[in-house]
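Here's the structure, in structure tokens; my notes come after.
The values are calculated or read from the model by the stated rules, or taken from the named source; none is laboratory data. Since this is a predicted model, take the numbers as computed values, not measurements. So basically every Cβ, Gly included, is an ideal-geometry build from the backbone, and we count neighbours across all protein chains shown. These accessible areas exclude ligands, DNA and RNA; they are computed on the full protein's heavy atoms, side chains included. Shrake-Rupley method; radii C 1.70, N 1.55, O 1.52, S 1.80 Å.
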Amino acid sequence: MCRAVVRWAVLATMLTMPLGACAQGLLTNIAHRETTSLNGPWHYIVDPYETGYYDYRRQPYDQQAQPSTSAFFSNHHPADRQELVEYDFDTSPTLNVPGDWNSQNDQLLYYEGTLWLKTSFDFVAASTGNRLFVHFGAVNRLAEVYLNGTKLGVHEGGFTPFNFEVTGIVRPRGNFLVVKVDNSRRADAVPTISTDWWNYGGITRDVTLIEEPAAFIRDYAIQLKPGSAHTLAGFVQLDGAATNEKVTVSIPELGVEQASAVDGNGLARFELDAPAVRLWSPGSPRLYEVVVKTARQTLRDDIGFRTITTRGADILLNGKPIFLRGISIHEENALLGRRAHSEADALQSLNWARELGCNYVRLAHYPHNEHMLRMADRMGLLIWAEVPVYWTIAFGNPATLSSARQQLTEMVTRDRNRASVIIWSVANETPPSDARNAFLRNLIAHTRALDATRLLSAALETHAEDEVSVVSDPIGEQLDIVAFNQYRGWYGGTLHDAPEARWEIRSGKPVVVSEFGGDALQGLHGKRDERWTEEYQEYLYQQNLKMLQKIPNLRGLSPWILADFRSPRRLLPGIQDGWNRKGLISNRGIRKKAFFTLRNFYRTVQPRDD
Ligand code: GCU
């Protein structure tokens with residue numbers, strides 16, 4: 001479909017959509033594209049009263065006031081000594097982007113509300129006729145994006161990427177990109193009002209200017225065809241291409257190539273037989289250079305191929321039963337007390353997980369930055385990836401469901417070529433109800449439609465029946481893996497008799513305990529029945545591990561949690577001080593005694609050839 005037609009088509013679509021809500025197709029594999037980084041110091045203005053929209057001084061106070069030229073996104077400067085303008089980005093302080101504002105300015109540690117950020121740049125395209133896009137790895141939580149005073153659009157969701165086309169808006173000099181960020185929590189948002197993590201606000205991941213040819217490779221997927229160990233299948237999505245434009249997918253190292261032609265929507269599907277392919281696994285994280293090519297563009301990626309299925313109570317990686325030796329991880333650099341965003345941050349967390357003896361990590365409770373996924377591909381760590389459908393979501397609200405579906409789509413679109421991702425999770429600890437069950441069933445169907453090559457799960461609820469702990473959540477019937485969180489010895493239940501506790505999981509599917517644990521202040525020592533000591537946490541792990549390994553279908557664990565993390569809900573002075581202390585590693589990077597308990601357990605669980 002040529003661009004002129006695309007324009008009319010897009011315009012027609014927009015006529016049926018609220019203006020500014022028009023989501024634009026996500027560009028994937030930013031890492032290997034022609035890009036210019038817009039990371040660095042951005043000027044910012046804190047705006048709790050939303051002053052940045054209007055300038056009431058220029059017109060009588062009026063609820064219908066129209067944005068004037070001195071609204072913040074116009075980056076206006078006084079035309080003369082008389083003009084009243086009460087803001088100036090260029091003399092305002094700066095924040096590093098990517099980066100949350102909470103950890104960069106003590107006055108903003110607890111700030112929730114609107115903050116405007118601006119960067120300026122010059123840019124000359126390598127070739128006229130090319131198309132330009134601005135891409136954000138993530139903005140928490142509600143972003144309004146303006147370039148040179150033009151509103152590009154909005155994006156809601158604090159942990160997934162988005163982009164806007166800026167062809168024809170970028171000029172050679174003096175561009176100014178303004179982003180209004182609002183991290184306010186809302187009951188109808190995803191996540192909702194209450195979470196047990198810090199509400200880091202800001203442009204929390206990389207910002208990139210991307211230059212593409214007029215017809216370019218926007219997205220593609222390539223994975224082993226379900227049921228095959230050497231036939232690869234997938235699609236290539238071009239943007240702006242004419243019908244029947246040719247595209248080839250090749251893997252030079254395997255000597256395979258497949259050419260196909262796109263349809264009227266720029267889509268080409270393909271299959272590729274690669275008998276010599278060596279499968280990816282934690283023990284052998286084999287990545288291949290995949291080359292997607294059109295007449296105008298060559299895009300490379302590093303992709304691993306593996307199968308992940310279940311058979312009865314077993315999880316099969318490349319057809320072999322595997323036990324998931326895991327740990328849960330928040331997207332936080334614990335040593336610096338900030339949202340993690342860099343490759344170095346990813347390496348720190350995943351090296352700690354590997355030191356623990358893990359072959360698997362649960363990226364809680366939202367999609368992490370892409371560095372984590374690509375690093376896990378390289379290191380050979382399996383991943384549980386999750387959207388923040390967390391606790392008491394507004395399950396009856398259609399807009400809430402739409403936001404959850406959008407975030408799922410963005411997560412799967414970005415990560416479906418990452419071999420490390422084996423599980424998509426649609427929820428964490430959501431209280432069962434008819435509305436919640438309908439909401440989750442909708443997300444499960446949506447995810448399966450997006451990606452039929454991975455397993456689905458969710459951290460489900462448990463309940464007690466007499467002396468027996470029971471898992472019988474109806475949603476388990478729609479999932480491939482039944483997972484649940486339990487906190488015996490911390491939020492109830494005793495430890496001395498935990499190994500004798502009885503569990504009943506009413507499902508024949510593989511079971512993963514997605515959370516268990518307890519707090520310990522690193523360096524606080526005492527008897528094992530003294531809460532908050534390292535000895536208590538160590539004993540809690542010893543007793544829970546004895547209890548849980550008696551569960552017949554147990555095929556994985558991701559205890560809560562790798563490292564202490566910030567939470568506004570954790571307020572005990574001298575012990576928590578705004579930190580959740582369930583980490584096996586403190587926020588000074590010191591391993592607690594329970595770290596070694598879990599590491600020793602993992603050394604007994606599985607031969608290390610997986
Ligand atoms: C819950 C929840 C976590 C939380 C943890 C805790 O299960 O899933 O996000 O941090 O328990 O209470 O520490």
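Quick notes
- Expected-Rg normalisation [2.2 N^0.38 Å, Cα atoms] applied to the stretch 370-432: 1.26
- Normalised radius of gyration (Cα atoms, divided by 2.2 N^0.38 Å) for the stretch 403-535: 1.26.
- Only protein atoms count toward the accessible area here, which uses a 1.4 Å probe; on the stretch 531-602, the carbon and sulfur part of that area reaches 49 percent.
- Ranking of Y53, Y539 by solvent-accessible surface, largest first: Y53, Y539 (1.4 Å probe, protein heavy atoms only, all chains present).
- Rounded if a/c under 1.5, otherwise prolate or oblate - the chain, Cα gyration tensor axes: oblate
- Accessible surface of the stretch 296-447, 1.4 Å probe, proportion on carbon and sulfur as whole %: 54 percent
- The angle between the Cα long axis of helix 3-15 and the longest principal axis of the Cα atoms of the chain comes to about 70 degrees, rounded to the nearest 10.
- Between 0 and 90 degrees, the angle of helix 593-605 with respect to the longest Cα principal axis of the chain falls at about 80 degrees.
- Its convex hull of Cα atoms gives the stretch 305-423 a direction-averaged projected area, equal to a quarter of the hull surface, of 8.7 nm².
- Heavy-atom accessible area order for K593, K246, largest first, 1.4 Å probe: K246, K593
- Stretching S184 away from T35 to a fully extended chain increases their span by 50.5 nm, per 0.36 nm per residue minus the current alpha-carbon distance.
- Calculated P(r) tail over 24 Å for the stretch 193-343, as whole % of Cα pairs: 54 percent
- Distance (nanometres) between label positions extended 7 Å along Cα→Cβ at K546 and E530: 2.2 nm
- Computed [θ] at 222 nm, deg cm²/dmol, the chain (DSSP H ≥ 4; -39,500 (n - 2.57); rounded to nearest 500): -5000 deg cm²/dmol
- Computed Kirkwood radius, in angstrom, where 1/r is averaged over Cα pairs of the stretch 90-220: 15.8 Å
- Surface exposure of the stretch 231-337, expressed per residue as accessible area with a 1.4 Å probe, stands at 39 Å².
- Summary of the geometry: the stretch 544-610 and the stretch 228-242, compared by the centres of their Cα atoms, lie 40 Å apart.
- Placing +1 on each Lys and Arg Cβ and -1 on each Asp and Glu Cβ, with no other charges, gives the chain a dipole about its Cα centre of roughly 1160 debye.
- Dipole magnitude of the stretch 427-546, debye to nearest 20 (Cβ charges: Lys/Arg +1, Asp/Glu -1, about Cα centre): 400 debye
- Taking the convex hull of Cα positions in the stretch 272-311, its mean projected area over all directions (nm²): 4.1 nm²
- Linear extension gain, E477 paired with R354, 0.36 nm per residue minus alpha-carbon span: 41.0 nm
- Area accessible to solvent at F235, 1.4 Å probe radius, in Å²: 30 Å²
- Rounded to the nearest 20, the size of the Cβ-charge dipole of the stretch 242-356 about its Cα centre is 200 debye, with Lys and Arg at +1 and Asp and Glu at -1.
- Residues of the stretch 496-526 with amide N under 20 Å of the 7 Å Cα→Cβ point at I575: 496, 516-526
- In the context of the full protein assembly, R378 retains an accessible surface of approximately 110 Å², using a probe radius of 1.4 Å and ignoring ligands and nucleic acids.
- Extension gain for the segment S120 to T231, taken as residue separation times 0.36 nm less the Cα-Cα distance, is 35.2 nm to one decimal.
- Computed over the stretch 540-610, Cα set: Rg, Dmax in Å: 14.6, 45
- Lysine pairs with alpha-carbon atoms under 29 Å apart, the chain, spacing 8 or more or separate chains: 27
- Rounded if a/c under 1.5, otherwise prolate or oblate - the stretch 149-191, Cα gyration tensor axes: prolate
- Descending Cα extents along the principal axes, the stretch 67-148, whole Å: 45, 40, 22
- Base-10 log of normalised Debye intensity for the stretch 352-394 (one unit scatterer per alpha-carbon) at q = 0.20 Å⁻¹: -0.65
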